[in-house]
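Worksheet: the structure to be examined is printed underneath.
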Amino acid sequence: MSSLTLIVAATLTNGIGQSSRLPWRLPREMAYFARVTTTAPEGTANAVIMGRNTWESIPPKFRPLKGRLNIVVSSNPEYLKGSSDVQTSETQTASTSISAHTNIQDAISHGSSHKENIATPAEHRCFIIGGASIYKAALEPATASDSLAAASITDRILMTRILSPAFEDCDVFFPEFRDLKGKDGAFLWSQASHEELEAWVGSEVPRGTQKEKGVEYEFQMWTLKR
Ligand code: FOL
């Protein structure tokens with residue numbers, strides 16, 4: 001059992017993508033993503049779990065995401081076999097390794113079962129970085145047997161909320177999570193304070209509405225109530 005953090009940038013209507021890419025280009029927001037997903041104590045590294053479409057959406061010069069254990073999930077084993085840059089067998093360098101899995105549970109257990117050695121440092125945190133179907137699986141209720149919940153628990157969402165413009169042409173969406181309720185009828189997710197966000201990230205995070213290239217956004221953290 002390991003805990004998972006979802007990291008996402010989404011519009012007010014949960015738009016996350018358009019035509020297989022991010023609808024915006026926000027260097028400082030992307031720098032936050034890179035910092036948060038990379039930061040780990042010396043001798044450890046974080047894992048980033050992603051679906052095949054998200055892997056392909058990362059510019060080739062940035063993939064695998066450096067300094068992180070990259071785990072790619074595809075339900076099509078042929079893709080994993082045939083691809084030149086995602087291989088079925090694990091490929092590793094000192095700071096980065098890639099492994100491919102045909103289901104999310106395997107990907108999670110791969111990420112969390114990593115034992116420290118020279119090639120692969122011990123895993124610190126495990127991030128789900130998308131896309132829509134992987135996020136959806138990660139947010140399935142813990143009762144569903146065929147879900148991520150069986151292998152792990154998603155208990156944190158690092159949400160960059162894109163406030164404006166609306167980016168109405170999005171064609172891929174993050175699942176709505178704010179209205180999810182438990183058996184007792186209480187909301188499952190609640191927004192943490194900015195102080196809690198900074199404490200978890202381990203360094204300062206810009207507070208309030210950020211403006212970059214005409215886009216307004218805010219860094220948020222949500223946690224699963226228990
Ligand atoms: N979460 C947040 N907050 N913002 C995002 O843009 C985001 N994107 C994804 C998942 N969660 C996110 C998926 N898409 C790269 C590109 C696309 C992508 C994720 C990462 C990427 O190239 N990252 C590089 C930084 C490149 C740069 O500095 O411009 C990295 O090293 O992380």
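E216 is checked against (1) in a loop (DSSP other than H, G, I, E, B); (2) within 16 Å of the ligand (Cβ to nearest atom) and fails just one. What number does that condition carry?
Of the numbered conditions (1) in a loop (DSSP other than H, G, I, E, B); (2) within 16 Å of the ligand (Cβ to nearest atom), the odd one out for E216 is (1).
Only one of these is out of contact with any strand residue (DSSP E or B) (no Cβ under 6 Å at 6 or more places or on another chain) and buried (at least 19 other Cβ atoms within 10 Å of the Cβ): P60, P27, P23. Name it.
From the options P60, P27, P23, the qualifying one is P23.
Any residue in segment 181-209 that's without any contact (Cβ under 8 Å) to a residue 40 or more places away in the chain: show its pairings with residues that are loosely packed, with under 10 Cβ neighbours inside 10 Å and not aromatic (F, W, Y) at Cβ separation under 8 Å, as long as the two are six or more apart or on different chains.
Filtered contacts from segment 181-209: F187/D179; E198/E204.
Filter segment 49-62 down to the residues that are more than 8 Å from the ligand (Cβ to nearest atom) and among the aliphatic types (A, V, I, L, M) and list them by number.
I49
Which pairs turn up if I take residues in segment 10-39 that are within 18 Å of Q210 (Cα to Cα) and part of a helix (DSSP H, G or I) and look for partners that are near the ligand (Cβ under 8 Å from one of its atoms) and among the acidic types (D, E) with beta carbon separation below 8 Å, at least 6 apart in sequence or on another chain?
That search, which allows pairs on different chains as well, returns nothing.
Name every residue in segment 63-85 that is in a loop (DSSP other than H, G, I, E, B), surrounded by 12 or more Cβ atoms within 10 Å (Cβ to Cβ), hydroxyl-bearing (S, T, Y) and modelled with pLDDT under 70, in order of residue number.
Within segment 63-85, just S83 meets the criteria.
Could you tell me whether any residue of segment 106-123 is under 16 Å from the mean Cα position of the chain (by Cα), farther than 23 Å from T160 by Cα, within 15 Å of the ligand (Cβ to nearest atom) and modelled with pLDDT under 95?
The answer is no; no qualifying residue exists.
Starting from residues that are polar (S, T, N, Q) and under 14 Å from the mean Cα position of the chain (by Cα), keep the ones in segment 1-38 and report whichever is farthest from the ligand (Cβ to nearest atom).
So in segment 1-38, the residues polar (S, T, N, Q) come out as 2-3, 5, 11, 13-14, 18-20, 37-38.
Now drop any that are not under 14 Å from the mean Cα position of the chain (by Cα), which leaves 3, 5, 37-38.
Details: S3: 18, T5: 11, T37: 6, T38: 7 Å.
Out of the qualifying residues, it is S3.
Based on this model, can you work out whether A142 counts as in a loop (DSSP other than H, G, I, E, B) and either modelled with pLDDT under 95 or not small (G, A, S) (or both)? Walk me through how you get there before you give the answer.
Numbers: in a loop (DSSP other than H, G, I, E, B): yes; either modelled with pLDDT under 95 or not small (G, A, S) (or both): yes.
Yes: the conditions hold for A142.
The values are calculated or read from the model by the stated rules, or taken from the named source; none is laboratory data. Keep in mind that what you see is a predicted model, and the values were worked out from it rather than measured. Please note: Cβ atoms are built from the backbone with ideal geometry, for glycine as well, and neighbour counts cover all protein chains shown.
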